[in-house]
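The values are calculated or read from the model by the stated rules, or taken from the named source; none is laboratory data. Owing to the predicted nature of the structure, the values given are computational and were not obtained by experimental measurement. In this analysis, Cβ positions are derived from the backbone assuming ideal geometry, glycine residues included, and neighbour counts consider all displayed protein chains.
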Amino acid sequence: MSDILREFCAENFTDVPAAIEAGARRIELCDNLAVGGTTPSLGVVEQTVAYAHENGARVMCMIRPRGGDFVYSDVELAMMETDIFSACEAEADGIVFGCLLGDEQQGYRLDEEACARLMTVAESAADAFELEHLDVTFHMAFDALPPEAQKPAIDALAELGVTRILTHGGVAGTPIMGNIDRLRELTEYAAGRLIILPGAGITYENVGEVVSGIGAPEAHGTKIVNIR
């Protein structure tokens, strides 16, 4: 169990010290979890990164300008570009985003152009602030894709250099244990090109069973460690 990398999903700094003390080794830092997480303020990022780095943990910064869907206008993408530079200036270890095209009625598909645009910005920002490495997580926008579009999305994101994909392996709200087979299938398909990071419904009580069933090296959640 100790070799599992536990990523704690934090809404601002409040629970970060307790989470790290309880065993979280990576923080996904967000604001406004009520809508699934949005970009935290620069001040929150700076203080969280400083604390985490002093205490043996890494920080992934959410880059999402609003709640709702993951289809972004050019203006919103420009906001995300600015926020990526801010996260890198604050010495975050990585960023988290997801971009789609389409709609709920017609179905969603990966916005490869927007993802490539943000990856290019991320590389430039990492170079500008002399970061040794910048992880990139494609978040649970992945779960809005129809199943038949998910493996092609893995191919495209791996080609772009994305580090990992955060996914529940099924429709939001479904029990995580019911999605183990799909998560294992996606992990095997990714074949080490990127990491399939399971999340949503994973707790400190079931994390061992989940990761062993999937063959996952990492797990994500707001209850991934026992802080209460």
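Looking at Val44, Val75, just one residue is in contact with a strand residue (DSSP E or B) (Cβ under 9 Å, 6 or more places away or on another chain), part of a helix (DSSP H, G or I) and farther than 22 Å from Arg164 by Cβ, and that residue is Val44. Gly178 falls short on exactly one of the conditions (1) closer than 24 Å to Glu81 by Cα; (2) free of Cβ contacts under 8 Å to residues at least 24 places away in the same chain, and that condition is (1).
For first residues located in region 108-127 and in a helix (DSSP H, G or I), partners that are of a type in the set (S, T, N, Q) and surrounded by fewer than 21 Cβ atoms within 10 Å (Cβ to Cβ) and lie 6+ apart or on another chain with Cβ distances below 9 Å form the pairs Ala125/Ser86. Give the residue, chosen from Gly56, Gly67, that is in a loop (DSSP other than H, G, I, E, B), in contact with a helix residue (DSSP H, G or I) (Cβ under 7 Å, 6 or more places away or on another chain) and touching a residue at least 12 places away in the same chain (Cβ under 8 Å). From the options Gly56, Gly67, the qualifying one is Gly67. Looking only at residues of region 159-170 that are out of contact with any helix residue (DSSP H, G or I) (no Cβ under 7 Å at 6 or more places or on another chain) and touching a residue at least 12 places away in the same chain (Cβ under 8 Å), we find that the one that is nearest to Thr222 (Cα to Cα) is Arg164. The residue that is surrounded by the fewest Cβ atoms within 10 Å (Cβ to Cβ), among those in region 24-67 that are over 19 Å from Met79 (Cβ atoms) and at pLDDT below 95, is Ala34.
Just name the residue that is modelled with the highest pLDDT out of those in region 130-155 that are farther than 15 Å from Tyr108 by Cα and more than 14 Å from the chain's Cα centre (by Cα). Result: Asp155.
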